[in-house]
1. Looking only at region 248-260, decide whether some residue is closer than 23 Å to Val99 by Cβ, hydroxyl-bearing (Ser, Thr, Tyr), open to solvent by 40 Å² or more (accessible area, probe 1.4 Å) and not in a helix (DSSP H, G or I).
2. If you go through region 215-247 one residue at a time, how many are exposed (fewer than 15 other Cβ atoms within 10 Å of the Cβ) and under 18 Å from the mean Cα position of the chain (by Cα)?
3. Scan region 168-185 for residues that are under 19 Å from the mean Cα position of the chain (by Cα) and either in a helix (DSSP H, G or I) or over 15 Å from Leu111 (Cβ atoms) (or both) and report the count.
4. Anything in region 227-272 that is in contact with a strand residue (DSSP E or B) (Cβ under 7 Å, 6 or more places away or on another chain) and β-branched (Val, Ile, Thr)? List them, or say none.
5. Out of the residues in region 65-119 that are charged (D, E, K, R) and assigned to a helix (DSSP H, G or I), state the one that is least open to solvent (accessible area, probe 1.4 Å).
6. When residues of region 27-64 are filtered for being open to solvent by 50 Å² or more (accessible area, probe 1.4 Å), in a strand (DSSP E or B) and modelled with pLDDT of 90 or more, how many remain?
7. With Leu212, Leu191, Leu205, Leu195 as the choices, which residue is modelled with pLDDT under 95, open to solvent by less than 60 Å² (accessible area, probe 1.4 Å) and assigned to a helix (DSSP H, G or I)?
8. Name, by its number, the condition in (1) over 22 Å from Pro46 (Cβ atoms); (2) at pLDDT 95 or above; (3) part of a helix (DSSP H, G or I) that does not hold for Ala129.
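The values are calculated or read from the model by the stated rules, or taken from the named source; none is laboratory data. Predicted model, so just to flag it, every value in this text is computed and none were measured. Quick reminder, even Gly has a Cβ in these numbers, built from the backbone with ideal geometry, and neighbours come from all protein chains shown. Only protein heavy atoms, including side chains, enter the accessible area calculation; ligands, DNA and RNA are left aside. Shrake-Rupley method; radii C 1.70, N 1.55, O 1.52, S 1.80 Å.
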Amino acid sequence: MVMARSLDGVVLRDVLTGRFGHPLRVFQSLGSTNAEALAWATSGAPEGALVLADHQTSGRGRWDRTWVSAPGMLLQFSLVLRPHLDVEQLGLLTTALGVACAEGIEKASGLPVTIKWPNDVTIQGRKLAGMLVETMTKSRRVEVAVCGVGINCGWRDEDLPAEIAQRATSISAAVAKLGGAQAAPGREVVLAAVLAYLEETYALLEFEPARLVTRAAHRSELLGGRVRARFPDGSSLDGTAERLLADGSLQLRTADGAEHALNVAEVQQLVPDD
């Protein structure tokens, strides 16, 4: 296991030159960066406030899944946003976050990064990063959105925890296997790149959402392939992932020709024998 150097608030403030990342709270260990950011937002944290932890003890993914963490191995942060969005547009915020993570990681590492709708960043089908957007709303409008991100950075493939070893990877492992940067970038470099791209994609939400959806579609690992969508109630639907719609949802066409717009689902690719 290759241990990364500790995240230092002074260093981070030097590399975070944009609007996002100020003010900044850095923790060596924390239950959940999203929970901390939501509480901070409730007490008045401005847009762009950032919570970062070297280790999370209660990190969460979608559908209350646990995010596997280890000190020094991940980049884990939550950003406070106050977007001018209706709740029906939240899919676009996840789209903006996914594009920013993919493009930022690629910029920092040189790796070929893709997006697995709706909230995973992948390399050759293996999960590199995940996102969780949690909101506070009022009268169908979003008052606060906390964007939580976890990026696997330091693990080698052989050191990945058993529960994720078959489906995940890290920046260090992918650089060693695929090339890219001469050495895996530091976590502060990845963070600065992701936040810089997020400032751009966040602006597209208001001014050019179609361009945002096009960029997400360009990086999709699902479009054109057969997939199985699983829903929170336990039901599932098989079909072809055709395109991303204007609101960030995924259009699925089933064998009978029916089109379905997916907003909330867990999607997996199907191989011909499935």
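1. Scanning region 248-260, I find no residue that is closer than 23 Å to Val99 by Cβ, hydroxyl-bearing (Ser, Thr, Tyr), open to solvent by 40 Å² or more (accessible area, probe 1.4 Å) and not in a helix (DSSP H, G or I), so the answer is no.
2. Of the residues in region 215-247, 1 are exposed (fewer than 15 other Cβ atoms within 10 Å of the Cβ) and under 18 Å from the mean Cα position of the chain (by Cα).
3. 4
4. Hits for region 227-272 are Val227, Thr240, Thr254, Val267.
5. So the residue we want is Glu103.
6. Number satisfying all stated conditions: 1.
7. None of the others qualify; the one that does is Leu205.
8. Among (1) over 22 Å from Pro46 (Cβ atoms); (2) at pLDDT 95 or above; (3) part of a helix (DSSP H, G or I), Ala129 violates only (3).
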